[in-house]
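Everything on this sheet refers to the single structure shown next.
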Amino acid sequence: MCGIAGYVGDRNAVDVVFDELVKLEYRGYDSAGVAFLNSEGRITVLKKAGRLSELSLLIESSRPCSSSAIAHSRWATHGGPTDINAHPHLDASGNIALIHNGIIENYLDLREGLVHRGHQFLSQTDTEIAAHLIGEEYEKGGTLEDAVIRAAKQLRGAYSLVLLSLKEPGKIVAYRRPALS
Ligand code: GLU
């Protein structure tokens, strides 16, 4: 079962979310990653297959400092446990980063529509499909939470999402769709 963390505040957000992943390590995972708003006004994604210690080396080498970050430890369901399939995933514009727990059941149908509309994907995950779909909704206007709510109407399955956006620094959006009982 994967771990999800997000933080906005006065402390170094990357350290905070990484420490949260360490606390969730007992749940098991095959890869991990972090996304944060960098000092150049872009999103940096650092992700790695394997143990959190591998991710930690990557983080140490880039010495990030940010007030907003999200982090994920993954149990692969769609696509193998590789660096590229690890979360976070970006939308087509690179303006939003997404981490995700669970399964998007209709991701193949959604993927077909997105490919038809010119989207290209780097990973084999259902998560990247959701990131691009939310990005498309975001382009139509409104806040990040508006876009997530509109996209969620098109996503089937039980899942949790956490996102950050370049356009709305200082905000983390989280959305949970529980399994139907
Ligand atoms: N289905 C997603 C993937 O394979 C999320 C897996 C998870 O919950 O960690 O990347």
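A few points about this structure:
- Taken over the range 13-65, the criterion of being assigned to a strand (DSSP E or B) and out of contact with any Phe, Trp or Tyr (no Cβ under 8 Å at 6 or more places or on another chain) is satisfied by SER31, ALA32, GLY33, ALA35, PHE36, LEU37, VAL45, LEU46, LYS47, LYS48, ALA49.
- Whichever residue in the range 73-108 is under 15 Å from the mean Cα position of the chain (by Cα), of a type in the set (D, E, K, R) and assigned to a loop (DSSP other than H, G, I, E, B) and, among such residues, is nearest to ALA152 (Cα to Cα): ASP91
- Answer from GLU136, GLU105, GLU128, GLU112 - the residue that is farther than 22 Å from ARG42 by Cβ, of a type in the set (D, E, K, R) and in contact with a Leu (Cβ under 9 Å, 6 or more places away or on another chain): GLU105
- Here the range 109-132 is the region considered, the condition is being among the charged types (D, E, K, R) and assigned to a helix (DSSP H, G or I), and the residue that is nearest to GLU145 (Cα to Cα) is GLU128.
- Pair list, Cβ < 7 Å and 6+ apart or interchain, from the range 114-141 residues that are within 16 Å of ALA86 (Cβ to Cβ) to residues that are among the acidic types (Asp, Glu) and near the ligand (Cβ under 10 Å from one of its atoms): PHE121/GLU128; LEU122/GLU128
- Pairs with Cβ under 8 Å, 6+ apart, first in the range 1-21 and under 18 Å from THR44 (Cβ atoms), second part of a strand (DSSP E or B) and of a type in the set (Lys, Arg): none
- Residues within the range 29-47 that are in contact with a strand residue (DSSP E or B) (Cβ under 9 Å, 6 or more places away or on another chain) and at pLDDT below 95, tallied: 1
- Residue selected from the range 145-181 under the condition surrounded by fewer than 16 Cβ atoms within 10 Å (Cβ to Cβ), without any contact (Cβ under 8 Å) to a residue 60 or more places away in the chain and among the hydrophobic types (A, V, I, L, M, F, W, C), by the criterion nearest to ASP91 (Cα to Cα): ILE149
- Single unsatisfied condition, TYR26 versus (1) within 11 Å of the ligand (Cβ to nearest atom); (2) among the hydroxyl-bearing types (Ser, Thr, Tyr); (3) surrounded by fewer than 17 Cβ atoms within 10 Å (Cβ to Cβ): (1)
The values are calculated or read from the model by the stated rules, or taken from the named source; none is laboratory data. Since this is a predicted model, take the numbers as computed values, not measurements. In this analysis, Cβ positions are derived from the backbone assuming ideal geometry, glycine residues included, and neighbour counts consider all displayed protein chains.
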